[in-house]
Amino acid sequence: MKMDWLTDADLTPLVAPLNPAQKEAVTAPPQPRLVLAGAGSGKTRVLTHRLAWLIAAEGVSPHSILAVTFTNKAAAEMRGRIEQLISVPVRALWVGTFHGIAHRMLRRHWQQARLPQNFQIIDADDQMRLVKQVLRGLDLPDDRWPPRSVCGFINARKEEGQRPQQLQDQGDYSQRQYVRIYTAYQNACEVSGLVDFAELLLRAHELCRDNAEIQAHYRRSFRHILVDEFQDTNTLQYAWLRVLAGDSGILFAVGDDDQSVYSWRGARVENMLRMEHDFPGARIVRLEQNYRSTGTILKAANGLIAKNSNRLGKNLWTAAGDGAAIQLYAAYNEIDEAEFVALRCAEQRAAGRLCELAVLYRSNAQSRVLEEALIRHRIPYRIHGGLRFFERMEIKDTLAYLRLLANRDDDASFERAVNTPARGIGATTLERLRAVARQQQRCLWQTAQTQAAELGRSAAAVQKFLRLIEQLATDTAGQPLSATMALAIERSGLREHYQTAAAGSRGGGEQAQARLDNLDELVNAARSFERPPEDSALDPLTSFLAHVALEAGEQQAEAGEDCVQLMTLHAAKGLEFPAVFLVGLENGLFPHARAVDEGNLEEERRLCYVGLTRAQRQLYLSYAEVRRIHGAEQRGAPSIFLREIPAECMVETRPRSGVLRSLPPASCAPHRTVSAASSISEALPGGYRLGESVRHAKFGEGTILSFDGSGERTQVEVRFKSSGTKRLLLSMARLERG
DNA sequence: GCAGTCGTCATTTTT
DNA sequence: TGACGACTGC
């Protein structure tokens, strides 16, 4: 049954580089498998080799395999690596993100999915705007119904597979309003032919679940389903996979429960356990040999994560040596901490490349002080995160015009474009249009056409806008995408708008110039997109817009320069660096007080585990005794995680001199090392633990957020349910265990 | 429509 | 402390 892609001899490169566990996973018989892939254990390798193995050794047709990832980056990497392994046309493979695959199906079966052929995808920002409009339409004040929460509600419902009509009225007023908003929002999307991210998945799931023909088609097609980062799947994604697999589809899931750090956005680690029940014959394969880090780093990581309960269980080991000890730096304050990082970076600059260094932190706000220190030391750095190219204001402004060209029903784009740049169509006019549109159940564009004459003062402006779009449509018909783009930027007045801003005020001029450059870049992007990739039944414009929505692009293209990498722990997941600084290891900051409060200490610990396992050779940990948080100086205790890392893995390093220290220890030689055990290992008197519930005679019930000091002077910070957060002297507070 | 001012809020984020 | 959104006055 072997296909002629490869001969037997060619199978060698597929299995030769694998260790026994990897080989077991890759060459497993066609049965469901859950591969528990520890950090740095060759997860991607197993996934790609498995895929290649199925084709080359099992004779599976490339068309019968579906491989799903979470990010575009992961999908691209998989494609690239498969290409290197076997000579199979990668385009024949269904390799993509959950959203990308769902999108592909919905475009194919738009009629069955009950979508307009030219439906458009909206991103989180568009969704928020739309929700705000809907709230206005329902006359609900957005301080009582915060758009953020509403979006959260809608997305959470969709990710649970719930439509508004399926939500039961529990007699709760607030709940009822949320359902009402959800209904109205969904209605607005239908009218405008818009699909948000969660909707892509939900529609695709419903399509495959409810349409017998389509279901049979894809079940026949996808004999094998491979999933990456399985611990991050949400309820809906899991349900969809089950529908696609049916009784005979074979699921090969790769994930690591210890790296599950996205429960707050719907990820369900439980899916890993459910899989064993839902897919008969499923077996677990553990990948525990680590190829990334030193023995010391792994020992630290293993020691830490062992404190978690409810694990599937796994112990990383390496054939490499112990390597250098982990260095722990007790900084006086956050400036001192940043200075330590910058100095070490400066040292490393001579030894190696700066891009081998990463600074990881829990929350974005921590980056500022680090940046300032790096700038002082003239060390180039790059921050991952923040606004990406296609999320920039000027880009989204331009895209609104293009979306309106593609689809006049798109109210969200109409709202955005109609008065950007300002052309005298203000809030009053718009509100009038919206009211009529709602009443007549029509889109804004149609309403504007019929009502223009009755709009009084702004009638002319509205009519001019309508003509602008129509004229643009006529003039760009049949033109290449980039030409359409360029013309839209000119005619809309957007270029002029930013040009005046650039020429004007000195302060904002620089930013306006950057915006102009971005507009040029957008035209360039369109140019390189003029031959649409697959499924080109779509017109190039819709195809481009979908691409833009699904792949918002890199944050900054300037990857050229060699620089230190700064990012949050979440953003670091999946990456590795020769040397890693993990900063801000203080209770309250990391683990974050809010997470502890919400009972998510274990997820914080997993996040720390992710951080530790990013390092290949050298790991630096640091905390500040005092830190400015929201303007106020706060004394924080070393993170509970520092006590959970085996003390023998760490050495404590002290500052060069006491310049920034209030009280430099006199005997403190530069880089003096002492045992870390002293300062962080003692237990909290009374044996209290972080996150533990306690009761206070006066303040009632609360949760321990952090503690510092020692012995008689130990202080605890407790968040009380009714009276807020208080700092108490442990010996005086007479807390009871709750 | 814009600039200036005030009040509020402050974890993590891909698609 | 500082960023952002809402509001106010020209």
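Just a few scattered comments:
- Net charge of Cβ neighbours under 10 Å - reference A:GLN618; Lys, Arg +1; Asp, Glu -1: +1
- Out-of-range pairs (alpha-carbon distance over 28 Å; input A:LYS23/A:LYS73; A:LYS43/A:LYS158; A:LYS23/A:LYS158; A:LYS132/A:LYS396): A:LYS43/A:LYS158; A:LYS23/A:LYS158
- Rounded percent of accessible protein surface that carbon and sulfur make up, chain A, 1.4 Å probe: 49
- For the peptides A:368-375, A:277-284, A:193-200, A:622-629, the ranking by mean Cβ contacts within 10 Å, running from highest to lowest, is A:193-200, A:622-629, A:368-375, A:277-284.
- Charge dipole (Cα centre; +1 on Lys/Arg Cβ, -1 on Asp/Glu Cβ; no other charges) of chain A amounts to roughly 820 debye.
- From the C-alpha gyration tensor of segment A:547-630, square roots of 5λ in Å: 26, 18, 14
- Cubic angstrom per residue, convex hull over Cα atoms of segment A:284-422: 256
- Expressed in units of 2.2 N^0.38 Å, where N is the residue count, the Cα radius of gyration of segment A:252-330 is 1.33.
- Positive dipole terminus of chain A, leading residue within A:ALA28, A:GLY246, A:GLN133 (C-beta point charges): A:GLN133
- Working ranking of peptides A:314-324, A:72-82 by packing, defined as the average number of other Cβ atoms within 10 Å per residue, highest first, is A:72-82, A:314-324.
- Relative contact order [Cα under 8 Å, 6+ residues apart], segment A:44-199, whole percent: 22
- Largest-first ellipsoid semi-axes for chain A, taking √(5λ) over the Cα gyration tensor eigenvalues, angstrom: 45, 35, 28
- Between the amide H of A:ASN587 and those of A:ALA637, A:SER639, A:ILE640, distances stay under 5 Å, these residues lying 5 or more places away or on another chain, with hydrogens modeled in the peptide plane.
- Value at 222 nm in deg cm²/dmol, rounded to 500, when DSSP H runs of n ≥ 4 in chain A each add -39,500 (n - 2.57): -13500 deg cm²/dmol
- Counted by Cβ distance under 15 Å from A:ASP228, the other residues give a net charge of +3, where Lys and Arg count +1 and Asp and Glu count -1.
- Reported to the nearest whole Å, the Cα centre-to-centre distance from segment A:63-94 to segment A:186-212 is 26.
- Per residue accessible area in Å² of chain A, where ligands, DNA and RNA are left out and the probe is 1.4 Å: 44
- For segment A:1-138, the Kirkwood estimate of the hydrodynamic radius, built from every pair of different alpha carbons, is 17.5 Å.
- Summing Lys and Arg as +1 and Asp and Glu as -1 over all other residues whose Cβ lies under 11 Å from the Cβ of A:LYS158 gives a net charge of -2.
The values are calculated or read from the model by the stated rules, or taken from the named source; none is laboratory data. Note that the structure is predicted; figures quoted are calculated from it, not measured. Every residue, glycine as well, gets a Cβ built from its backbone with ideal geometry; the counts of neighbours run over all protein chains shown. Ligands, DNA and RNA are stripped out before the accessible areas are found, and what is left, the full protein with its side chains, is counted by its heavy atoms. Shrake-Rupley method; radii C 1.70, N 1.55, O 1.52, S 1.80 Å.
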